[in-house]
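Read the structure below first, then the notes.
The values are calculated or read from the model by the stated rules, or taken from the named source; none is laboratory data. Small disclaimer: the values here were computed from a predicted structure and weren't measured. As a convention, Cβ positions derive from the backbone with ideal geometry for all residues, glycine included, and neighbour counts pool all protein chains shown.
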Amino acid sequence: MSQRSEALADSLEEGARALAAFAGALTEQQWQAPLPRDGRKVGVIVHHVATVYPLEIQFAQSVANGKPATITAQAVNEMNAGHARENDAVTKAATLRLLADNSAAAAAAIRSLTNEELDRIAPVALYGNAVLTCQFILEDHAVRHSYHHLARIRAALLP
């Protein structure tokens, strides 16, 4: 394990813990509240973060292996919309368990990456086929994801 992969994994775990702590303290009314400009319920968004960790790791591992990442913005949007429809009634307890399990697995996968893999590049369709590093993909997706949604949820619930 490299110091860089350890730092990335630690940051992912810290973000997931912060999201879990905040979400765990929400009332049922707050859990069910739709997020402004997004429309998804707060609980659905927390579940979304937990659900996509494995996909975000696969995305980064593709780049770590030097393979083009073919996921598109349209596919991401369709996946997110489908997730919201299918998980509208998700419970807080189940979501927090999934968040803990999937963030731990994601952190373990990140810790297994070498510096060479973090530095490897490949074309990424989501970014107009720009050639990007695995580390960038991790930072912009799996590592950042919980921080991004936690900030949006906090802003909506604590004006």
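Select from segment 32-41 the residues that are within 14 Å of residue 154 (Cβ to Cβ) and within 19 Å of the chain's Cα centre (by Cα) and write down the one among them that is modelled with the lowest pLDDT.
Narrowing segment 32-41 to residues within 14 Å of residue 154 (Cβ to Cβ): 33, 35-36, 38.
Now narrow it down to the ones that are within 19 Å of the chain's Cα centre (by Cα): 35, 38.
Values: 35: 95, 38: 92.
Applying the filter and picking the extreme gives 38.
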I'd like the residue in segment 1-12 that is assigned to a helix (DSSP H, G or I) and among the polar types (S, T, N, Q) and, out of all such residues, is nearest to residue 134 (Cα to Cα).
5
Considering only residues that are closer than 27 Å to residue 74 by Cα and in contact with a helix residue (DSSP H, G or I) (Cβ under 7 Å, 6 or more places away or on another chain), look in segment 87-104 and name the one that is surrounded by the fewest Cβ atoms within 10 Å (Cβ to Cβ).
88
Of all residues in segment 18-34, which are in contact (Cβ under 8 Å) with a residue 12 or more places away in the chain, surrounded by fewer than 17 Cβ atoms within 10 Å (Cβ to Cβ) and within 16 Å of residue 104 (Cβ to Cβ)?
18
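Name the residues in segment 126-147 that are loosely packed, with under 15 Cβ neighbours inside 10 Å and closer than 25 Å to residue 45 by Cα, would you? So that I can check it myself, show each step before the final result.
Applying the first criterion (loosely packed, with under 15 Cβ neighbours inside 10 Å) to segment 126-147 yields 127-131.
Selection gives 127 alone.
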From the list 150, 113, which residue is under 21 Å from residue 10 (Cβ atoms), in contact with a Leu (Cβ under 9 Å, 6 or more places away or on another chain) and not in a helix (DSSP H, G or I)?
113
Search result, residues across segment 125-147 that are part of a helix (DSSP H, G or I), more than 24 Å from residue 17 (Cβ to Cβ) and out of contact with any helix residue (DSSP H, G or I) (no Cβ under 7 Å at 6 or more places or on another chain)
125, 127
Of the numbered conditions (1) out of contact with any strand residue (DSSP E or B) (no Cβ under 7 Å at 6 or more places or on another chain); (2) farther than 24 Å from residue 117 by Cβ, residue 32 fails exactly one; give the number of that condition.
(1)
Options 131, 124, 76, 90: the member that is farther than 18 Å from residue 9 by Cβ, without any contact (Cβ under 8 Å) to a residue 40 or more places away in the chain, out of contact with any Lys or Arg (no Cβ under 7 Å at 6 or more places or on another chain) and of a type in the set (Val, Ile, Thr)
131
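Table: residues versus (1) closer than 22 Å to residue 26 by Cβ; (2) at pLDDT below 95; (3) among the β-branched types (Val, Ile, Thr).
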{"residue": "82", "(1), (2), (3)": "no, no, no"}
{"residue": "86", "(1), (2), (3)": "yes, no, no"}
{"residue": "100", "(1), (2), (3)": "yes, no, no"}
{"residue": "115", "(1), (2), (3)": "no, no, no"}
{"residue": "118", "(1), (2), (3)": "no, no, no"}
{"residue": "130", "(1), (2), (3)": "no, no, no"}
{"residue": "137", "(1), (2), (3)": "no, no, yes"}
{"residue": "141", "(1), (2), (3)": "no, no, no"}
{"residue": "158", "(1), (2), (3)": "yes, yes, no"}
